[in-house]
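Dropping a structure here in structure tokens format, bear with me for questions.
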Amino acid sequence: LSTSPEEMLGRQIHDFMDGEGRTRAESLVERRRAGIHETFEFTLRAADGREVNTSVSTRPLHDDSGAYAGAVAWITDVTDRLAAAERLRSSESRLRALLQAFPDLVLRMDRDGRYLEVYNAPDDAIAASARSMIGRTVGEAYPAETMPGVAEQCMIDIGAALSGRTVTTEYQLPSGDGTASLEARFAPLGDGEVLSLVRDVTDLRRAEAARNDFARELERRNAAAERLELERELERAGRLEAMGQLAGGVAHDVNNLLGVIGNYA
């Protein structure tokens with residue numbers, strides 16, 4: 001790559017290499033002499049000093065007597081392709097690390113509701129259960145006989161995600177101690193696939209129910225206390241009214257007595 005084609009004519013390829021590259025090139029020539037044709041990757045250095053990754057496909061040539069006469073090599077610059085592949089691997093690695101940081105179960109599914117891959121799981125037990133569903137559809141994982149409506153709703157959510165929307169649905173599934181509440185979020189992933197984030201919200205829903213029960217009980221007790229206080233106020237008002245009536249009667253009687261006394265005086 002740092003030499004013109006004219007300068008290369010009549011010379012060995014390893015004449016333009018040094019160090020490890022030269023040693024490897026010489027060993028590859030011996031493989032051609034042995035009749036081996038193969039494709040391999042080789043790193044060359046350009047005139048500006050940068051390394052160039054190449055894909056080399058070679059085939060030995062023989063004369064009419066069958067003796068080795070040389071080789072033909074097709075050399076393709078794959079530097080950009082390898083760099084792009086490395087960037088893709090790096091991007092996938094960062095994405096996987098990000099997904100693994102989520103506290104949710106993260107799944108990849110196709111348009112048919114088939115589980116394709118498990119990216120993350122909150123614990124080993126959930127991970128093992130999720131991996132057992134790989135290759136199965138939601139209809140197979142959640143049969144209508146035991147979990148009616150679950151698979152149907154899941155397919156509706158997948159269809160909505162494939163249309164470009166992010167949807168969240170809460171599913172009620174039977175569990176050993178009653179009913180489990182699962183919150184599932186579906187987001188489009190491209191190429192007819194969706195990403196599903198599943199979180200167990202059973203404890204949260206139970207806590208909310210307990211809080212609501214407590215609030216209702218507190219409200220009931222407050223209402224009862226207010227009713228009792230009102231009854232007490234009414235009772236006090238009744239007593240005051242009776243006392244007022246009594247005082248009025250006494251005053252009337254006193255006035256009568258005073259009148260008699262006045263007349264007598």
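Starting from the Cα-Cα distance between Gln12 and Glu229, subtract it from 0.36 nm times their residue separation and give me the gain in nm to one decimal. Let's see the in-between values first.
Working: separation 217, 0.36 × 217 = 78.12 nm, distance 10.93 nm.
Extra length available between Gln12 and Glu229 comes to 67.2 nm.
Which of the three applies to the range 32-123, rounded, prolate or oblate, going by the alpha-carbon gyration tensor with a ≥ b ≥ c and a/c under 1.5 meaning rounded?
On the way: a/c = 4.70, a/b = 2.35, b/c = 2.00.
Prolate.
Could I ask something else about it? Under the rule of at least 5 residues apart or a separate chain, name every residue whose amide H is placed under 5 Å from the amide H of Val52.
Sorted by chain and number, the residues that satisfy this are Leu44, Arg45, Ala46.
Mind giving me the nanometre distance, one decimal, between the label points for Ala215 and Val201, set 7 Å out from Cα along Cα→Cβ?
1.5
Counting other Cβ atoms within 10 Å, keep those with at most 14, restrict to DSSP loop, and tell me which trypsin sites (Lys or Arg not before Pro) in the range 20-118 are left.
Working: sites: Arg22, Arg24, Arg31, Arg32, Arg33, Arg45, Arg50, Arg81, Arg87, Arg89, Arg94, Arg96, Arg108, Arg111, Arg114; in loops: Arg50, Arg111.
Those that pass, being in a loop and sparsely packed, are Arg50, Arg111.
Related question: Tell me which GluC sites (Glu not before Pro) from the range 135-185 have a DSSP coil assignment and no more than 12 other beta carbons within 10 Å of their own. Intermediate results must be reported in sequence, preceding the final value.
On the way: sites: Glu140, Glu145, Glu152, Glu170, Glu183; in loops: Glu145.
Answer by residue number: Glu145.
Return the sequence-ordered ³J(HN,Hα) values of the range 58-64 in whole Hz as given by the Karplus equation 6.51 cos²θ - 1.76 cosθ + 1.60 applied to θ = phi - 60°, using x for Gly and Pro.
Once rounded to whole Hz, the list reads 10, 8, x, 10, 10, 7, 5.
On to the next question. Ile134: accessible area at probe 1.4 Å, nearest 10 Å²?
70
A further question follows. At Ala69 and Asp48, where each label point lies 7 Å from the Cα along Cα→Cβ, what is the point-to-point distance in nanometres?
Label at Ala69, label at Asp48, 4.0 nm between them.
Mind listing the phi-derived Karplus ³J(HN,Hα) values for the range 210-216, rounded to whole Hz, using 6.51, -1.76 and 1.60 with θ = phi - 60°, and x for any glycine or proline?
Result, rounded to whole Hz: 5, 5, 5, 4, 5, 5, 5.
Give me the extension gain from Phe40 to Ala84: residue separation times 0.36 nm, minus the current Cα-Cα distance, reported in nm with one decimal. It would help to have the intermediate numbers written out before the result.
On the way: separation 44, 0.36 × 44 = 15.84 nm, distance 1.88 nm.
So the chain would gain 14.0 nm between Phe40 and Ala84.
The values are calculated or read from the model by the stated rules, or taken from the named source; none is laboratory data. No experiment lies behind these values; they were computed from the predicted model shown. All Cβ positions, glycine included, derive from the backbone under ideal geometry; neighbour counts span all protein chains shown. These accessible areas exclude ligands, DNA and RNA; they are computed on the full protein's heavy atoms, side chains included. Shrake-Rupley method; radii C 1.70, N 1.55, O 1.52, S 1.80 Å.
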